[in-house]
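Each remark here refers to the structure printed beneath this line.
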Amino acid sequence: MNNCIPLISQQMRKQVQRFFTAEPLARFAELFIEDKLAESIRFGQLTVIHYRMFGGKGDEAYKAAAAVELFILASDILDDLQDQDAPHKPWMQAPQPVAIHVASAILTLSQQAMLDSTSNDEIQMALLKMMNAKLLQAANGQMIDILNEMTDEQSYLDMVKQKSAALLQFACMAGVILAGQPWNNVVAEYATEIGIAAQIQNDLRDLLRWDDKSDFLKRKRTLLTMYLLEGDAEEDQWIKAYFQGNISAEDIAPKRELFLETCERTGTILYGSVMSRMHYNRFEELLDSIQEISPWKSTFLQIINQKNA
């Protein structure tokens with residue numbers, strides 16, 4: 001499937017060149033796209049492979065995949081602007097009003113690109129209805145995440161289902177619908193499961209780092225930080241004190257090794273790994289239940305499990 005990446009990239013640039021007639025808008029959009037392409041365009045690949053799985057034969061999938069990736073790019077830009085934790089990104093180095101405007105324009109462009117992916121009016125309407133439903137769902141999840149209001153495991157998983165999992169559903173289902181097929185409940189469910197598994201893996205990575213992206217240093221409520229805070233051991237009370245704002249980041253700056261040891265000792269790392277694997281295993285069970293996937297399974301798993309550059 002790697003041979004589809006240049007075709008998706010080409011379609012992303014074509015959309016920018018066609019619709020962004022203001023030179024600065026096109027210039028910044030292409031700069032941001034270049035940064036995106038240096039990493040992974042996994043979501044677009046999921047669109048293409050689902051199109052092929054469900055009988056799609058033409059090149060429309062690359063246009064739909066470009067639409068998906070343009071939306072993911074806009075979402076990433078807005079997410080970084082909200083979190084202020086990716087200073088090396090070109091959109092973080094651009095003036096903030098410019099970055100916000102370009103992200104908003106790319107968001108609209110993604111919808112236009114999806115419209116352009118097919119001339120079939122019925123499929124167009126189905127794609128746009130699905131796209132808007134999933135993007136609104138993701139917007140609700142993002143708002144809950146921004147406010148950091150999760151209180152327990154279930155509320156956190158509900159947020160992830162609305163946010164990360166909805167975007168994976170969007171990517172997979174775009175391929176299914178473009179191929180002329182109806183909404184597929186099994187595809188939707190396994191997209192949710194892999195979305196949850198991937199988010200917990202990301203949480204585990206961000207729990208253990210000690211920089212601007214550290215969930216602990218940012219006092220971010222995730223499945224893992226909430227589990228860690230449940231501990232009652234006297235030697236771990238500084239963790240609760242920091243999370244509650246009773247001590248500062250400067251106070252805990254020398255405690256990185258102690259924090260890593262605590263994550264290991266309390267079983268937080270094991271808990272995260274087990275939870276992620278549980279959802280991944282459910283994803284694989286659902287995957288095996290769809291006959292159309294058999295010839296594509298190894299390629300699909302390769303896309304799902306690829307690491308970002």
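Output the qualifying pairs, or none if there are none: Cβ atoms under 6 angstrom, residues six or more apart or on different chains, first residue in the range 201-221 and in contact (Cβ under 8 Å) with a residue 24 or more places away in the chain and over 16 Å from residue 267 (Cα atoms), second residue hydrophobic (A, V, I, L, M, F, W, C) and not in a helix (DSSP H, G or I).
221/150
Which condition does residue 58 not pass, out of (1) farther than 24 Å from residue 187 by Cα; (2) modelled with pLDDT under 95; (3) among the small types (Gly, Ala, Ser), if it passes all the others?
(1)
Quick check on residue 189: is it in contact (Cβ under 8 Å) with a residue 60 or more places away in the chain and touching a Lys or Arg at 6+ places or on another chain (Cβ under 8 Å)?
So residue 189 fails the test.
So, in the range 20-59, of the ones that are under 17 Å from residue 5 (Cα atoms) and among the hydroxyl-bearing types (Ser, Thr, Tyr), which residue ends up surrounded by the most Cβ atoms within 10 Å (Cβ to Cβ)?
Per the criteria, the residue is 47.
Of these, 110, 117, which one is at pLDDT 95 or above, within 28 Å of residue 190 (Cα to Cα), in contact with a Leu (Cβ under 7 Å, 6 or more places away or on another chain) and not in a helix (DSSP H, G or I)?
The unique qualifying residue is 117.
Among what's in the range 165-183 and is small (Gly, Ala, Ser) and buried (at least 24 other Cβ atoms within 10 Å of the Cβ), pick the residue that is farthest from residue 138 (Cα to Cα).
Of the range 165-183, the ones small (Gly, Ala, Ser) are 165-166, 171, 174-175, 179-180.
Pick out the ones that are also buried (at least 24 other Cβ atoms within 10 Å of the Cβ) and you get 165-166, 171, 174-175.
Details: 165: 8, 166: 6, 171: 13, 174: 15, 175: 19 Å.
Of everything passing the filter in the range 165-183, 175 is farthest from residue 138 (Cα to Cα).
Looking only at residues that are under 22 Å from the mean Cα position of the chain (by Cα) and of a type in the set (S, T, N, Q) in the range 245-296, which one is nearest to residue 198 (Cα to Cα)?
Looking at the filtered set, the residue picked out is 276.
Would you mind telling me which numbered condition in (1) surrounded by fewer than 22 Cβ atoms within 10 Å (Cβ to Cβ); (2) more than 19 Å from the chain's Cα centre (by Cα); (3) under 30 Å from residue 214 (Cα atoms); (4) β-branched (Val, Ile, Thr) residue 102 fails?
(1)
Quick one: what pairs do we get from the range 229-243, first residue farther than 14 Å from residue 268 by Cβ and at pLDDT below 95, second loosely packed, with under 15 Cβ neighbours inside 10 Å and β-branched (Val, Ile, Thr), C-beta under 8 Å, 6+ apart or different chains?
none
The values are calculated or read from the model by the stated rules, or taken from the named source; none is laboratory data. This one's a predicted model, so the numbers in the text were calculated from it and none came from an experiment. Here Cβ is always computed from backbone atoms with ideal geometry, including for glycine, and neighbour counts include all displayed protein chains.
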